[in-house]
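Inspection log for the structure reproduced underneath, given as structure tokens.
The values are calculated or read from the model by the stated rules, or taken from the named source; none is laboratory data. Everything quoted here is computed from the prediction, not taken from an experiment. Here the Cβ is made from the backbone with ideal geometry for all residues, glycine too, and neighbour counts use every protein chain on show.
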Amino acid sequence: MNFLQEIFTQLEAAPDTTFLQELRDGRIVSVTGSELMELVRKAQSFLAAQRLKKGDRCALLAHNSIRWVAMDLAVMAEGLIVVPLYGRQAPEELVVMMKDCAPALICCGDTELRDGIVENWDEAPPQFVFDQIFDRPGSSAATVKLDDSDAVTIIYTSGTSGEAKGVVLNAGNISHMLGCTSARLDLLMENKNKAGQDRVFHYLPFCFAGSWIMLLTCLLRRSLLTLNTDLSRLAKDMRAAAPDYFLNVPALLERMRKAVDEQLANTGGLALTIYSHAQRAWLRKQAGYGGSIWLSVARALIFPTIRKKMIGSNLKALICGSAPLNVETQLYFMMLGIPVLQVYGLTETTAICTMDDPRHIEPGRVGPAISGIEMKLGESEEIIVRGPNIFPGYWKRPEETAKTLRDGWFHTGDQGEVNEAGN
């Protein structure tokens, strides 16, 4: 059973369970397992009417939403290749990517996104907006026309060259990765949420590999995934979602840390005194000088309030990737009682090569290799990787593929180091 069949099985086995919810202008729009499957069937019915053939590309240009998820699942289920595109990127840049992969059709979240493409591409393939796609009866049953070797997505990434290349990922890549991510989250949530679903908050665009893998992992785990649809409401939505964990980039964690410092500086008084002394005591403890009464007081009186006001009272951990995280920032959140699990990977590695083990976090490092893959250092300490997570190649770029995939190893272009613990 491939990953898509497993996701459909989970949705059908929990028809009344809420899997996804959008926060829009303070309102909550949600779908259960059965409702999401109905949307998938509607999208499949639309795609079947277009008489596309297996392997045709379908561009998906939309902001995060429940219908984005349904469209994504339907495209893959029909044996087509989904090409997710970033809705905030300049239309002329998106057109370059689409000309490269030659989609049979373009599915847009709204008319504004569609018009941006049409204005920059006279010979664009047929375009449809979500209102057209989902305004139809669904097919009788969701089917999956997918083998492990079949390409399921082309994700465009500039990497270090600056030129966008289409990274092809197949069903086998995704199936392996979802097994790894779910197993690591099992360790995080062990004995912490037996009574219900994982609660996950999400704000990163699904068109990025790591964000997409988190989405699919949540569906597979029957998690409740809450989608932020307005970045200006990010802090409010984060607290409203009260997540157990969520995926981040370092820049957001830096902003969160700065906001706490500024708020306490403005408040002043005893809270600031305890907080400042506790921070210094924490740094001394990391240097091996033992604890302090200030830390104990802050953990009892200050840090729980910070955690609740910042993110909510349920948080078990933050997950962080996409760029190096300042070790001081990681230690800061650990001081507050919030572990930060680091992830390292590239789109070409199905987003992930390493993930922190929640039981053994080593600040400043990105954890051990995920299950089933090999990593080592090559010439000039370059990180090279092989395993079932490695992409089959770049779309129509055999020379570029040959440069990075050599003797079964993917050459990341990143330098690294590894310690005795494998981190």
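Considered as a group, the residues in region 389-415 that are under 23 Å from the mean Cα position of the chain (by Cα) and in a loop (DSSP other than H, G, I, E, B) include one that is surrounded by the most Cβ atoms within 10 Å (Cβ to Cβ), and that residue is 389.
To keep it simple, each residue is scored yes or no on (1) hydroxyl-bearing (Ser, Thr, Tyr); (2) crowded, with 23+ Cβ neighbours inside 10 Å; (3) over 27 Å from residue 389 (Cα atoms); (4) under 16 Å from the mean Cα position of the chain (by Cα).
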| site | (1), (2), (3), (4) |
| --- | --- |
| 171 | no, no, no, no |
| 179 | no, no, no, yes |
| 185 | no, yes, no, yes |
| 189 | no, no, no, no |
| 196 | no, no, yes, no |
| 200 | no, yes, no, yes |
| 210 | no, no, no, yes |
| 217 | yes, yes, no, yes |
| 220 | no, no, no, yes |
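Pairs linking a residue in region 88-117 that is in contact (Cβ under 8 Å) with a residue 12 or more places away in the chain and under 22 Å from residue 132 (Cβ atoms) to a residue that is among the hydroxyl-bearing types (Ser, Thr, Tyr) and assigned to a loop (DSSP other than H, G, I, E, B), with Cβ atoms under 9 Å and 6 or more positions apart or on different chains, are 94/86; 109/65. Scanning region 344-388 for residues that are under 22 Å from residue 154 (Cβ atoms), assigned to a strand (DSSP E or B) and either among the aliphatic types (A, V, I, L, M) or assigned by TED's automatic domain parsing to the domain that holds residue 184 (or both) yields one hit, 385.
Taking the condition of a type in the set (A, V, I, L, M, F, W, C) and crowded, with 19+ Cβ neighbours inside 10 Å, does residue 118 pass? The answer is no for residue 118.
The number of residues in region 1-33 being assigned to a strand (DSSP E or B) and over 19 Å from the mean Cα position of the chain (by Cα) comes to 8. Could you go through region 62-76 and let me know if any residue there is over 23 Å from the mean Cα position of the chain (by Cα) and either modelled with pLDDT of 95 or more or not in a helix (DSSP H, G or I) (or both). No, region 62-76 contains no residue that is over 23 Å from the mean Cα position of the chain (by Cα) and either modelled with pLDDT of 95 or more or not in a helix (DSSP H, G or I) (or both). One residue stands out among those in region 222-237 that are over 29 Å from residue 9 (Cα atoms) and not basic (Lys, Arg): the one that is surrounded by the most Cβ atoms within 10 Å (Cβ to Cβ), which is 237.
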